1. Name the one entry in 365, 352 that is away from the ligand (no atom under 16 Å from the Cβ) and over 28 Å from the mean Cα position of the chain (by Cα).
2. Filter region 55-77 for residues that are buried (at least 22 other Cβ atoms within 10 Å of the Cβ) and assigned to a loop (DSSP other than H, G, I, E, B) and give the result.
3. Quick check on residue 396: is it farther than 30 Å from residue 189 by Cα, modelled with pLDDT of 95 or more and away from the ligand (no atom under 16 Å from the Cβ)?
4. What strands (runs of 3 or more DSSP E) completely inside region 291-371 contain at least 3 residues that are touching a residue at least 12 places away in the same chain (Cβ under 8 Å)?
5. Farther than 19 Å from residue 352 by Cβ, touching a strand residue (DSSP E or B) at 6+ places or on another chain (Cβ under 7 Å) and modelled with pLDDT of 95 or more, is that true of residue 181?
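The values are calculated or read from the model by the stated rules, or taken from the named source; none is laboratory data. Quick caveat: nothing in here was measured; it's all calculated off a predicted structure. Virtual Cβ from ideal backbone geometry, glycine too; neighbours counted across all protein chains shown.
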Ligand SMILES: *[C@@H]1O[C@H](CO)[C@@H](O)[C@H](O)[C@H]1NC(C)=O
């Protein structure tokens, strides 16, 4: 082999070995695009600083600081979280280091294309005004920023825009934004990236919203305005409830005939504290797992609203809450092999045709001819040509994966040797579930040691096979 080829080959190996495999939607599942294995979201909402953590004017958003991302990726990885949801991101900020760190940790990212700043989201009051060229261009810029990261799992076109029947006037606009984003991704991304809506769990309008967004105008999959996934932010399970008390049985009934993946884009009622996360066990149980692709716990950082798993201090140090330990305890009980092998896809329902009788609530929009066209000021041309000088993210090398900040357990002992474990497996980023009993009081023994379960060894073997086949493919090319 020539030297140049060897260098190219080495570069390829390094790249393949450290990148997660993109996920795709197949029927009602997320699946690994290489192995075909089902992927269940084991997620945490990630917005350090809350809304105030989004300061684009000073170059700050939740994925702008590599040191904090490294600390947080380590703390999420060690309990088996495989996905973060990030809300407020600026397309003008470079996210390469944080995206690369989460990628190395085997953690996928769900990206909201909106923010709370003016004209950076659809307005509930006047969606026809907020559905404009500048707003849409910003959403496309977010796509440009994240489309090249292999661990970008999906984009949310909107979050909790509909809270009741009156605000359902926005639903045609949500569908329009979804369509525009999907068209943009189809033309400008090397791989398909799903687009979905994150709904408030308001039972009065939830099923109508679902039906409105996942039906097909053409009666088949060619309609580009169908949502790729449907997600709900659900807080109906509080403390030690039962499946039926929490209304999870109703959720299963609502979504068991879905044509697209359904999951919880937020969950974690905090009426009873500390939280014990019995709903986590229910979400991944055999009653729910076939119909739901998992969920995202709200939320990683402790903010004023008291939903956090981890308290972050201004000096960069952090302390785990008992909620973190309890969540870890629930995740440790999951059988990942089983979760990945269960699937409802065989029974995936074809897309229902959009007809007004799909919509049940009086006053909820049911005229599917009202989905707006793109703004008539060059938006269609922009979708075709792409945004000017896009800022495309790319994976970068991260050498040091050791966490620098002090991190304490909930019992105040310091966690030693905290670091991100490099994913050697380009194939299936299996969550690293800790073995043993739920850590109700926090563990003092080196957590990095306890998290090296047998499961990690097995996936490394799989990963080696994957790397080797890539090497063979590369040799063939050379
Ligand atoms: C996990 O599930 C798989 C597949 O159902 C099963 O073979 C295995 O024994 C389970 N592991 C444990 C620890 O229960």
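1. None of the other options fit; the residue is 365.
2. Within region 55-77, 61, 62, 63 meet the criteria.
3. It is false that residue 396 is farther than 30 Å from residue 189 by Cα, modelled with pLDDT of 95 or more and away from the ligand (no atom under 16 Å from the Cβ).
4. Counting at least 3 such residues, we get 294-297, 318-320.
5. Yes, satisfied.
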